[in-house]
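The structure appears right after this line, and notes come after that.
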Amino acid sequence: MIRSNKPSLESIRDKVEAGERLSLDDGLFLYDPTTPLHEVGALANTVRERKNGNYAYYNINTHLNATNICVYRCVFCAFRSDLRDLKGYIMSDEQVLARGQEAVDNGCTEMHIVGGLHHQAKYDWYVRIIRLLHESYPQLHLKAWTAVEINWFEFLTKKPVRAILEDLIEAGLGSMPGGGAEIFHPEIRGRICEHKADGGKWLDIHRTAHKLGLHTNATMLYGHLENAFHRVDHLLRLRELQDETSGFQTFIPLAFHPENTGLSHLKKPSAVMDLRTMAVSRLMLDNFPHIKAYWIMLGMGTAQAALSYGADDIDGTVRHELIYHDAGATTPEILSVDEIRRLITEAGREPIERDTLYRRITRDSENQSQWSVGEPLVVCK
Ligand code: V47
Ligand code: SF4
């Protein structure tokens, strides 16, 4: 019998069951609206449960956007401000430290730090934020500065990426977030963020970070000008680097929020697109341990459903999020631990509090702001 090379649900199911890698054509087939979403979801769920069992991870974290003033003008961004805008701000050392204290008082294990590329802030200001927070609150994991910021520091200092990352690690950097990836394909990248580090540069900075022992995340911004080909291409580029370094922990698909942006005429991606993207990401990124359903951007209902469409992580309690709320997100600014655990339990999963490196956190029953770290909960790589 001659078997066609054209993908079908059967051929993809065979590959998933055998743990074989999916191709670009498989990815495009899974993205086709005529391929039933529930079938794609069921396949992704098989991989999700193989890798992470019934666990659904969350953490207790806070965001720090130390400035919103930015020299770049990414067309999808509602957060940035010009130097002289009324909405523009830059935090003082005292304000940064107050945020650290608030985080520790609230039992946060992680601070996610990103911001604009300020016209006048020096490289030392960005390094000092890490040093100040690390020296004052050494128990707080600092997940800070995207590859786009590291690329900006290269421009400011003329130092190689490796030396910049070494400065930051010495100051107390714990890991890097996955922002700034957007869509790697130049056809789209050139239209939505022409000034940013290109796809090759973004990947190269993460490669260097991984070689220095830093774990990093990766994202993909979808639902704007890109199509299924650009999305699958993006996933394949990430998969290739992960084969080389194994340094990525988590992939986070980010749904575009159009309000207050240069693309405000576009509609927000539908829940069907959100779930399909979650599932295709889980299936294509066979070497990523975790896929995150970022509830702030998905909304709680879709985030819950995503836990059966490939996702095993729901991000955290999240304080002080600005990037999505400036772009019209209607989700709350913070969820309590009880609410997060209820969302996960209601979705049929077992909630596990993790730290940034996916180690189980145990809380003191008398004082919830005191915690200790256990071993990583690896079900299967
Ligand atoms: O790179 C900006 C995106 C990213 C909009 O690493 C927008 O754990 C939608 O990377 N609509 C920053 N998206 C956020 C980010 C992130 C979030 C959560 C967890 C982690 C992690 C990383 O936000 C940017 C860009 O892709 N973004 N504006 C917008 N209007
Ligand atoms: Fe600046 Fe980041 Fe907004 Fe782009 S996405 S304009 S780099 S703050």
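Every number in this text was worked out from the coordinates using simple rules, so none of it is lab data. Remember, it's a predicted structure, so these values are computed and weren't measured experimentally. Note: ideal-geometry Cβ built from the backbone for every residue, glycine included; neighbour counts use all protein chains shown.
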Shape call, region 47-376: gyration tensor on alpha carbons, a/c limit 1.5: rounded
Net dipole in debye of the chain [+1 Lys, Arg Cβ; -1 Asp, Glu Cβ; about Cα centre; nearest 20]: 620 debye
Dipole of the chain [Lys/Arg +1, Asp/Glu -1 at C-beta], most positive-end residue of GLY199, ASN45, HIS290: GLY199
At R0 = 22 Å, FRET efficiency that the Cβ-Cβ distance of LYS211 and LYS159 yields, to 0.05: 0.85
Beta bridges by DSSP in the chain, antiparallel share as percent, to the nearest 5: 20 percent
Per-pair calculated FRET efficiency, R0 = 35 Å: LEU9 and GLU244 via Cβ, rounded to 0.05: 0.70
Note, ³J(HN,Hα) from phi for region 251-256, Karplus 6.51, -1.76, 1.60, rounded to Hz, x at Gly and Pro: 10, 10, x, 10, 7, 5
Label-to-label distance, nm, for residues given as ARG73 and GLU94 (7 Å Cα→Cβ offset): 3.5 nm
Under 25 Å from the Cα of LYS268 - lysines, other chains or at least 8 residues apart: LYS87, LYS196, LYS292
Among GLU366, GLU244, GLU166: highest mean-square fluctuation, GNM of the chain, C-alpha pairs under 10 Å: GLU366
